[in-house]
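One structure is given below, encoded as structure tokens.
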Amino acid sequence: MEFLENLYKTLQSLLSSYIDLDYSLWLYRFLTPLIVTFLLPLVFVALIYISFLVLFIYKLHRQVIMRAVQGDRNFWRVGRKIVAAIWDAHARIYHGYEVIGLENVPQEGPALIVYYHGAIPIDMYYLNSRMLLQRERLIYTIGDRFLFKLPGWGTISEAFHVSPGTVQSCVSILRDGNLLAISPGGVYEAQFGDHYYELLWRNRVGFAKVAIEAKAPIIPCFTQNLREGFRQVGIFRTFFMRLYNKVRIPVYPIYGGFPVKFRTYLGKPIPYDENLTPQDLQIKVATAIEDLINQHQRLPGSILLALLDRLPSFRRRIKKKDE
């Protein structure tokens, strides 16, 4: 026992000699906000897995639940509504989420929604939830193939009709009279876009081929302050770009989860035109989305000002300056 007591006193003496407690406390307080910004995106991941648990429980006990809702023939309908209510509540409370131009989406019939891809496409979860709750319409979505390797994603993709998508499968979805959402920039735009909101489509015209073959209108879509909610770290960009080109999965670290104001703008539909080539249509859609960005987005984006957008008095003041 005497040996242990002497060892304890020696260690205590060494720690007090080499560790400045005041400095450690200052360092802890200084680093806490930085650590939190990297932990907040986990809230988004948590919501995804809450959605998975709700849908899994619903699937497991579907017979009892279906009897309770009087035998609705659409297997996933109730489960989707429950999950949509969770996401819509989060959207309203955490981001004061609004959708402008919902009237541009047809009440029935096909339409292709082409959207700008943020670091995390949380706005599309919000938009789909709002569409389900207010319009009773589900937006079929094209997701990157790496998503389907994540645990639990199979149930979510089955319920909400998320698929990797080919030109022919996308055409079939639209010909069946559904809404379909595609981001031509995909994961590349998500990873390497910044607060200047430049489109990173890399000459992709697949979505244009889909719209032309299905003879469906295209609705341009952009969410204000999306890059201020979640961002990539600003260092080692070249390194992460090279790594992404090799592994083809998201590798660029994300931080944020800030409760900034989100508004999704749905532009006027671009009707089917048999005279347009896929390249011409791509340019036309890109121009429409860039117009939405230039009209509704502060460039470069500012996290502080995006937070202040939550305040009605600040929004009114900015609107008067614009006028």
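The values are calculated or read from the model by the stated rules, or taken from the named source; none is laboratory data. None of these values were measured; they are calculated from a predicted model. Counting neighbours? That spans all protein chains shown, and the Cβs are built from the backbone with ideal geometry, glycine included. For accessibility, only protein heavy atoms count, side chains too; no ligands or nucleic acids. Shrake-Rupley method; radii C 1.70, N 1.55, O 1.52, S 1.80 Å.
Around the amide H of Ile270, modelled in the peptide plane, lie the amide H atoms of Ile218, Ile219, all under 5 Å away and 5 or more residues distant in sequence or on another chain.
Excluding ligands, DNA and RNA, the accessible surface per residue across segment 146-295 is 45 Å² with a 1.4 Å probe. Over segment 236-293, the Kirkwood radius and the radius of gyration, each from Cα atoms, give a ratio Rg/Rh of 1.14. The orientation-averaged shadow of the Cα convex hull for segment 93-320, equal to a quarter of the hull surface, comes to 12.8 nm². Across the accessible surface of segment 93-320, with the other protein chains kept in place and a 1.4 Å probe, carbon and sulfur atoms take up 55 percent. Among the listed pairs Lys215/Lys268; Lys149/Lys246; Lys59/Lys149; Lys81/Lys149; Lys261/Lys284; Lys209/Lys284, give every one whose C-alpha distance is greater than 22 Å. The pairs that break the limit, which is 22 Å between Cα atoms, are Lys81/Lys149; Lys261/Lys284.
Put the Cα centre of segment 218-241 next to the Cα centre of segment 82-118 and the gap is 19 Å.
Rolling a 1.4 Å probe across all protein chains gives Thr287 an accessible area of roughly 60 Å².
Could you compute the net charge surrounding Phe192? Neighbours are other residues with a C-beta less than 15 Å from the C-beta of Phe192; K and R count +1, D and E count -1.
Result for the neighbourhood of Phe192: +4.
Residue ranking by accessible heavy-atom surface, 1.4 Å probe, largest first, among Glu98, Glu290, Glu136 comes out as Glu136, Glu290, Glu98.
Largest accessible area first, the residues Glu228, Glu103 order themselves as Glu103, Glu228 under a 1.4 Å probe with ligands, DNA and RNA left out. Remark: C-alpha extents of segment 152-203 on the principal axes read 36, 28, 15 Å, sorted largest to smallest.
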